[in-house]
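The values are calculated or read from the model by the stated rules, or taken from the named source; none is laboratory data. Small disclaimer: the values here were computed from a predicted structure and weren't measured. When we count neighbours, we look across all protein chains shown, and the Cβ atoms used for this are built from the backbone with ideal geometry, even at glycine. Note: areas computed on protein heavy atoms with side chains; ligands, DNA, RNA excluded. Shrake-Rupley method; radii C 1.70, N 1.55, O 1.52, S 1.80 Å.
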Amino acid sequence: MAEISDKVAAASAPKIHPGSGRRKSPAFPKGRQLDGEALDQVRALLGERPRRRDLLIEHLHLIQDRYGCLSAAHLRALAEDMRLSQAEVYEVASFYAHFDIVLEGEDAPAPVTIRVCDSLSCELMGARQLLDTLKSRAPKDVRVVRAPCMGRCDCAPVAEVGHNHIDHATAESLTAAVEAGQTHTVVPDYMDLDAYRADGGYALLQACLAGEHEPDKLVKLMQDSGLRGLGGAGFPAGLKWKIMRQQAKPRLFTVNGDEGEPGTFKDRYYLERDPHRFLEGMLVAAWVCEVETCYIYMRDEYPACRQILETEIARLQAADLTGGIKIEMRRGAGAYICGEESAMIESIEGKRGLPRHKPPFPSERGLFGLPTLTHNVETVYWVRELVEKGPQWFAAQGRNGRKGLRSFSVSGRVKEPGVKLAPAGVTIKELIEEFCGGMAAGHSFKGYLPGGASGGILPASIDDVPLDFDTLQEHDCFIGSAAVVVLSDKDNMKDVALNLMRFFEDESCGQCTPCRNGTEKAVQLMQQDTWNQELLRELSTVMLDASICGLGQAAPNPLLMVMKHFPEDL
């Protein structure tokens, strides 16, 4: 009987092919399971906000701001609520440095985070020692991490306690801020809407809306002024307007406020003082190019700028002063690559900030596949002044045969660092002596970065070159966004180049092999006591020739310049 029972049981068992390895399906779906409480929390947090795909990064910020991190349960719940795959949500959240993802079994980050800037200007002023000191002293409820440039290079070293920036930071000042609970953003005094209008603000925009200006004439005015894009590329602004007016409608406008280039802080300087001059210039450009919506992409390292703009845009809209043009703010999440226009567009669409292949260019097919005007913050900041004073006024500025004005972000070994509005074509020698009060006490001029981390390094002997677009190429350098870092006899250029290459290694988006692997290998080679210069040159050639975007193409500039101009430091 037992033998018969065994046969019956075997016959009724599920048929599994021998050797298949399959087992009986579990009683629940595979993969990370949906947590009902987390879903309720996410839905309550998002409220009536749209669940559009392009708002993914904004929704991730909401969760992290509320809970201090992005837990696996919340990521799963957000994917469910937005009807996205978990992979889509995770790949975006993990791409950006400012999102703290906590998976099962991992500890949440400490309640308070101190971020110490380790970019070149801050390292020159002792950031590395500050970071080591803080790590040895910090209590368990405080996390201390290094961070890339915070756009406050004139106040180096800089650190951030929560969302509160501490200029000229010391271990004592940071400890005091933590103990006092000073973790929130401090918004400086600025010219608000009422003060700006009292000074003639928005008269230009109102005149445009009333038909007192013709778009084509304003395009010509911009072309006659010679104003070029001040985010680094230097494309003529008036020509960009002309091209945009030839594109099919609807059209969009993206403003790049992600000035992450180490040494650059001019956009923050202007936004924290006179935000409506920027907003009016943006709206005039939008009117001329007949765009429907303006998207302002603001880097996460500028919380004060973001708060100012959110407040003043709301007031502007309440006063019905936008001429029907929509304005949307988008918040970055810590990615230098998003300063590249196509990577910024990808980020605004709620995706990883990976640069696109060109062509097509954004003016043809940009944000959401529509023709898109792209400008840097400072470029449109000048629009009102150019119209009111005329293109000849701007073109008449300049030295050494150059035209216009430049906002130089100057940091490093000078007596008076800061944003210096100077004539285009000023030399580094003139910039230091006339605008920065000379070199800092005890320092002798040794070299300088004319255009931030990617613009190369020149020796003090080349101090008579006009600083402007198209003047530095013969020296294998470029001005970019006019971020000038001054170096002295106290600085070792080998260490300077290594600091810059580490930055590029951290900030590479990873899309292309020459940049992703090239920056990593360059750091390894540059950490050696003696550089293998032949191998570094070969590696640099590959990065220059084969990288998709400007990050990888410009990353070798510092090391090549050090080998060329500062062999005594190798």
14 Å beta-carbon shell around Asp199, net charge (K/R +1, D/E -1): -2
Percent accessible area from carbon and sulfur atoms, the chain, protein chains only, probe 1.4 Å: 49 percent
P(r) tail fraction, region 373-479 - alpha-carbon pairs more than 18 Å apart, %: 52 percent
Of all DSSP beta bridges in the chain, antiparallel share, percent nearest 5: 40 percent
For His74, net neighbour charge (Lys/Arg +1, Asp/Glu -1) across residues whose Cβ lies under 13 Å away: -4
Accessible-area value, Arg66, 1.4 Å probe, nucleic acids and ligands omitted, Å²: 140 Å²
Net charge contributed by nearby residues that have their C-beta within less than 12 Å of Met543 (K/R +1, D/E -1): -1
Relative pair counts by distance (%), Cα atoms of region 198-298, 10 Å bins: 13, 43, 37, 7, 0
Calculated from backbone phi, Karplus (6.51, -1.76, 1.60) coupling profile of region 437-454 in Hz, x at Gly/Pro: x, x, 6, 5, 4, x, 10, 10, 4, 10, x, 7, 9, x, x, x, 4, 8
Distance from region 70-109 to region 323-354 (C-alpha centre basis), Å: 20 Å
Inverse of mean 1/r across different Cα pairs in region 501-570, Kirkwood, Å: 11.9 Å
Estimated distance in nm for a label pair at Lys326 and Glu520, the labels positioned 7 Å out from Cα along Cα-to-Cβ: 4.1 nm
³J(HN,Hα), Karplus 6.51/-1.76/1.60, whole Hz, each residue of region 480-490, x for Gly, Pro: x, 8, 6, 8, 9, 10, 9, 10, 10, 5, 7
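What length, rounded to one decimal in nm, is gained on full extension from Leu570 through to Ile101, with 0.36 nm per residue of separation minus their alpha-carbon distance?
Extra length available between Leu570 and Ile101 comes to 164.8 nm.
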Distant-in-sequence amide H partners of Val102 (H built 1.01 Å from N, under 5 Å): Leu70, Ser71, Ala72
Rough spin-label spacing in nm, given labels placed 7 Å along Cα→Cβ, for Lys135 and Asp199: 4.4 nm
Three-way shape label, region 87-237, alpha-carbon gyration tensor, a/c 1.5: prolate
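Rolling a 1.4 angstrom probe over the protein heavy atoms, how many square angstrom per residue are accessible across the chain?
44 Å²
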Cut-off 11 Å, label 7 Å out along Cα→Cβ of Glu388, residues of region 165-202 by amide N: 196-202
Convex hull projection area averaged over all views, the chain, Cα basis, nm²: 34.2 nm²
Phi-based couplings in Hz for region 138-151 (Karplus 6.51, -1.76, 1.60; Gly and Pro marked x): 4, x, 5, 8, 10, 9, 10, 9, 7, 9, x, 3, 9, x
Amide H partners (placed H, <5 Å) of Leu373, local residues excluded: Leu252, Phe253, Thr254
Among the listed pairs Lys351/Lys564; Lys220/Lys446; Lys429/Lys521; Lys358/Lys389; Lys266/Lys403, those beyond 31 Å (Cα-Cα): Lys351/Lys564; Lys220/Lys446; Lys429/Lys521; Lys358/Lys389
Expected 222 nm ellipticity per residue - DSSP helices of 4 or more, -39500 (n - 2.57), all of the chain, to 500: -12000 deg cm²/dmol
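Expressed in nm to one decimal, what extension gain is obtained for the pair Ser85 and Glu416 from 0.36 nm per residue of sequence separation less their Cα-Cα distance?
114.0 nm
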Region 291-343 shape via C-alpha gyration tensor axes, a/c threshold 1.5: oblate
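Please state the equivalent ellipsoid semi-axes for region 45-114: what are the square roots of 5 times the Cα gyration tensor eigenvalues, largest first, in whole Å?
20, 13, 11
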Under-5 Å amide H pairs with Arg406, H placed in peptide plane, nonlocal only: Ala422, Ala424
Pair Leu535, Arg143: separation of 7 Å Cα→Cβ label points (nm): 3.5 nm
